[in-house]
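See structure below.
Read-outs: derived from the displayed coordinates by stated rules, not from any lab. Note that the structure is predicted; figures quoted are calculated from it, not measured. Glycine gets a Cβ as well: all are built from the backbone with ideal geometry, and neighbour counts include every protein chain shown.
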Amino acid sequence: MLILSIKNSLNELGDLLNQISNSEYSKQCAALSNSTIGEHSRHIIEMFQCLQKNYDSAIVNYDKRERNILIQTDTNFAISQIRIIQNSLERENKKMELQQIVDGEEIIVESNYLRELLYNLEHCIHHQALIKVAVLQNTAILVGENFGVARSTIEYRRQCVQ
C-alpha cells in the first residue's frame, strides 16, 4: 500500500508538470519566498533518488543528495526522473542508517527502507502542498483536491462524510 501511495503522489506531480511550461516551472513565486515550482519538485525527486542511490550501502544522508538544475528547469526531464523512481521503489525492506549534521554535530539514526519511504512520501506531500500554493494562482492548471494533502487528512475527511 505504501508503494502505491508513493506512486500515486508522484503521478499527481507528473500530471501537474505536464500542464505547465518550463518558464512557469522555473518562475519565482512570491508566495513561496521566491522559490519555484521546479525547485520544490527537484527537492522531492532528489530525496527519493538519494534513498534509491544509497539502498545498497544502507547509509543515507539526504544532505549529500545531488542537486541537478535540469530537474528544476525542464519538466520533461523531471517527469522522466519521476518514472525512474516509480519503477525502482519495490525493494526488500532492510535496516538502514540515516546520517545528518545538526548544528555542527553528526547524528546517526537507525532506520529501515520502508521507514525512509514513508518519510519521503510525507516529505513529498508537504512540498506538493507548497507547490499547490503557487499553482492555485493559475486557474488554467488543474490539480486534484487531495494534491498536497496528507493521507491521514484524506482518511479523516472520508470518515467525516460518512
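How far is helix 37-53 tilted off the main Cα axis of the chain, in degrees rounded to 10, range 0 to 90?
Taking the Cα atoms of the chain, the angle to 37-53 is about 20 degrees.
When the label point is put 7 Å from the Cα of residue 68 along its Cα-to-beta-carbon vector, which residues of segment 81-95 have a backbone N closer than 19 Å?
81-90
Take every Cα pair under 8 Å in the chain that's 6+ residues apart, average their separations, divide by the length, and report that relative contact order as a whole percent.
Relative contact order for the chain comes out at 26 percent.
Considering the values [x] 1.45; [y] 0.98; [z] 1.07, which represents Cα Rg over 2.2 N^0.38 Å as calculated for the structure under consideration?
Only one listed value fits the structure, namely [z].
Divide by every residue of the chain the summed helix terms, -39500 (n - 2.57) for each DSSP H run of at least 4, and state the resulting mean residue ellipticity at 222 nm, rounded to the nearest 500 deg cm²/dmol.
The helix contribution divided over the chain gives -17500 deg cm²/dmol.
Quick one: 156, 55, fewest Cβ neighbours within 10 Å first, how do they rank?
So the ranking, lowest neighbour count to highest, is 156, 55.
Quickly rank 90-101, 65-76, 131-142 as a protection proxy: mean count of other C-beta atoms within 10 Å, highest first.
Order by mean packing, descending: 65-76, 131-142, 90-101.
Would you mind working out the magnitude of the charge dipole of segment 2-161 relative to its Cα centre, with +1 at each Lys and Arg C-beta and -1 at each Asp and Glu C-beta, to the nearest 20 Debye?
400
So if each residue of separation counts as 0.36 nm, and I subtract the Cα-Cα distance between residue 19 and residue 137, what length gain in nm does that give?
41.1 nm
Between their Cα atoms, which of 7/94; 7/64; 27/132; 7/53; 7/27 are more than 22 Å away from each other?
Those over the limit are 7/64; 7/27.
Between 0 and 90 degrees, rounded to the nearest ten: what's the tilt of helix 75-86 against the longest Cα principal axis of the chain?
The two axes meet at around 40 degrees.
With labels modelled as points extended 7 Å from the Cα through the Cβ direction, what inter-label distance (nm, one decimal) is found for residue 110 paired with residue 122?
According to this spin-label approximation, the distance is 1.9 nm.
How do 115, 157 line up, fewest other C-beta atoms within 10 Å first?
In order of increasing Cβ crowding within 10 Å: 157, 115.
Output the peptides 104-113, 28-37, 78-87 sorted from most to least packed, where packing is the average of other Cβ atoms within 10 Å over each peptide's residues.
The densest-packed peptide leads the list: 78-87, 28-37, 104-113.
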